[in-house]
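This report concerns only the one structure given below.
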Amino acid sequence: MLDQGAPPPHDASAVPPSPGLAARLMRRKPVERLVAEGGQGEGGSLRRSLGLWQLTMISIGATLGTGIFVVLGEAVPKAGPAVTLSFVIAGLTALFSALSYAELAGTIPVAGSSYSYAYATMGELVAWICGWCLVLEYGVSVAAVAVGWGEYLNELLDGTIGVTLPAALSAPPGDGGIFNLPALIVVLLAMTFLLGGARESACANTIMVVVKIAALVLFCAIGVQGFRSGNYEHFMPLGMAGVSAAGATLFFSYIGFDAASTAGEEAKNAQRDLPRAIMLSLVIVTVLYVLVAAVAVGAKPWRTFTDSEASLAQIMTDVTGQSFWGTLLAFCAVVAIASVVLTVLYGQTRVLFAMSRDGLVPKVFSKVHPKTGAPRANTLIVSLFCGVLAAAVPLGQLADATSIGTLFAFALVNVAVVVLRRTRPEMRRTFRVPLSPVLPALGFGLCVWMMGSLSTVTWVVFGVWMAVGLVFYFVYGHRRSRLATPVPSEARTHQK
C-alpha cells in the first residue's frame, strides 16, 4: 500500500529523457520538414521567381570566370597540346560531384545547398561543419575574385585610355598599397543588384554571362584563323603524368557549378529545374573550356605559353595584328569576373539564410524584405564584410582556402547522396546518380585526393577556421538550434 503522505510516483513517460550530447550532435532534420519550411523564416519567405534559364546562368556565372582567362598559362606548360584532354579529365572529375548535387538538389529543393543536404542525412554537427566550410569558400572566394577584378580593370584602363589607378588605391596594405578601392567597388555593385531581389540580380547576371560566352566564342572565331596543325605534332610531350598534373590544376576552374543549388527556394520548379541547371551548366562550361584550349594551342606553340593573365588577349593581338581585340577581351574579362562576384555573393547569403532559419546563426540573416523578397540585412552584412576583406586584407595564399572549403563540401555531398538512398529509398527523385554508390564513391575519393594536394598553409588556415567554427557552434548554435525545441512545439512547427 502506498503511503498517503508520499509524493506520487514519477511517471517516466510524462517527460521524455533528455538526449545525450552525442545524440544531440547527430540529430537530423527530416527532409519533409526541410521542404515544408522552405523559404519560411521568422523574418519572411524567399520568392520563387527563377526558371531553368536563370538557374543555369547562375551556375555558369559562378564557374566561368577568372579560370579560363588565366589558367591556360599555368596548365599548358604542364601538359602541352594535350591540355584539351586535361580539361576533359577535370570536367569528368567535377561531374562525379555534380551528379550527386543534381540528385540532392532535386530531392531536397531548399536553400543552403550542401549544408541542408548534410543536415538531412548526417546530422547537425556535420551540417554545421559543412555550412562553415561554405562560409569560408564563398567569403574568401568573393574577396579573392574582387581583387582579381581590380587587376583586370587596371589593364583595361591602361589599354583604352592609358591610365592606371595608383598602387595606393588598387592594392591592400602589405601588397604595396593602402586600400584596394576597385575590389570594394565591385562587391558593392554586386550588393546593389542583390538588394533588388533574386529575379533582378539573376537578370543582371544573365546579361554578364552572355557577354563572356560571346567573348570566348569570338576568341575561338578569331584564334582559329591563326591555327597551325604543326602545333599539335607532339600531342602529349610530357606524358600522361603531365596531363594529370594539368587536370588537377584545371579542376578548380570548374568550381561554382553548385551555385544553383543555393537557389532551391527561389526556383519556380526546383525539383525539375535544379538538376537540369547543374548538369547543363557543367556541359556548357566544359565545351567552352575545351574549344578555347584547342584553339589557343593551335594558334600558339605550347612552349611559348607563360603564366600570364593576358594569354588569350595576346593570342588575339598576334593573330589580327591589332590591339583592339585584346582590349575587347580585357573588357569581357572585367564583365566575367563581376558576374562571379555577384553569383558567389548570392550563394553566400542563401547559405547563411538557411543556417539562420535553423537557429545556428543569428536571426538577422533570415530576415527578408517584404517588398523585394531579398534577405536585405544578410546581404548588407555579408557584402560589407567581403568588401572590406578584399580591400584591406592581403589574401595571398589564404585565397587557396576557397579550394579546400569547396572540396570538403563536395566530399560530404557525395556521402549524403548514398546515405539518403539507404535511409529513404522510397523518396521521389527527379534525378538519380547512375551506378550509385560507385560514382559517388569516386567523387568522394577524388575530392579527398585533391585536398591532399593543397599546401600546408592552406590546411593550417582550414584547421584554424574549423576550430573557430566549432567554438561558435557550441557557444551559440548548439543551444539555439530549432531542433533543440521540445517535441510538441516541433510537431506544431512541422504541421504549419
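The values are calculated or read from the model by the stated rules, or taken from the named source; none is laboratory data. It should be emphasised that the depicted structure is a prediction, and the values quoted were computed from it without experimental measurement. Don't worry about glycine lacking a Cβ; one is built from the backbone with ideal geometry, like all the others, and counts go over all protein chains shown.
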Handout entry: Single residue of ALA299, ALA277 found to be within 30 Å of ILE108 (Cα to Cα), in contact with a helix residue (DSSP H, G or I) (Cβ under 7 Å, 6 or more places away or on another chain) and either surrounded by fewer than 24 Cβ atoms within 10 Å (Cβ to Cβ) or at pLDDT 90 or above (or both)
Key = ALA277
Problem - Residue match in the range 326-344 (condition: out of contact with any strand residue (DSSP E or B) (no Cβ under 7 Å at 6 or more places or on another chain), surrounded by fewer than 21 Cβ atoms within 10 Å (Cβ to Cβ), of a type in the set (Ser, Thr, Tyr) and part of a helix (DSSP H, G or I)) - result: yes
Completion exercise
Within the range 248-306, the count of residues that are in contact with a strand residue (DSSP E or B) (Cβ under 7 Å, 6 or more places away or on another chain) and in a helix (DSSP H, G or I) comes to 3
Handout entry: Subset of the range 211-234 that is in a helix (DSSP H, G or I) and either more than 36 Å from the chain's Cα centre (by Cα) or β-branched (Val, Ile, Thr) (or both) - its residue that is farthest from ALA79 (Cα to Cα)
Key = VAL211
Exercise for the section: Those residues that are in a helix (DSSP H, G or I) and either in contact with a Cys (Cβ under 7 Å, 6 or more places away or on another chain) or of a type in the set (A, V, I, L, M, F, W, C) (or both), I need them from the range 21-36; list them, please. Expected result: LEU21, ALA22, ALA23, LEU25, VAL31, LEU34, VAL35, ALA36
Handout entry: Answer from GLY91, GLY106 - the residue that is farther than 30 Å from PRO30 by Cβ and in contact with a Ser or Thr (Cβ under 7 Å, 6 or more places away or on another chain)
Key = GLY91
Exercise for the section: Please tell me if VAL461 is surrounded by 14 or more Cβ atoms within 10 Å (Cβ to Cβ) and modelled with pLDDT under 90. Expected result: yes
Practice task
For PRO166, work out the one condition from (1) surrounded by fewer than 19 Cβ atoms within 10 Å (Cβ to Cβ); (2) within 22 Å of the chain's Cα centre (by Cα) it doesn't fulfil.
Solution key: (2)
Problem - Matching entry among VAL126, VAL110, VAL142, VAL88 (being in contact (Cβ under 8 Å) with a residue 40 or more places away in the chain, surrounded by 24 or more Cβ atoms within 10 Å (Cβ to Cβ) and in a helix (DSSP H, G or I)) - result: VAL142
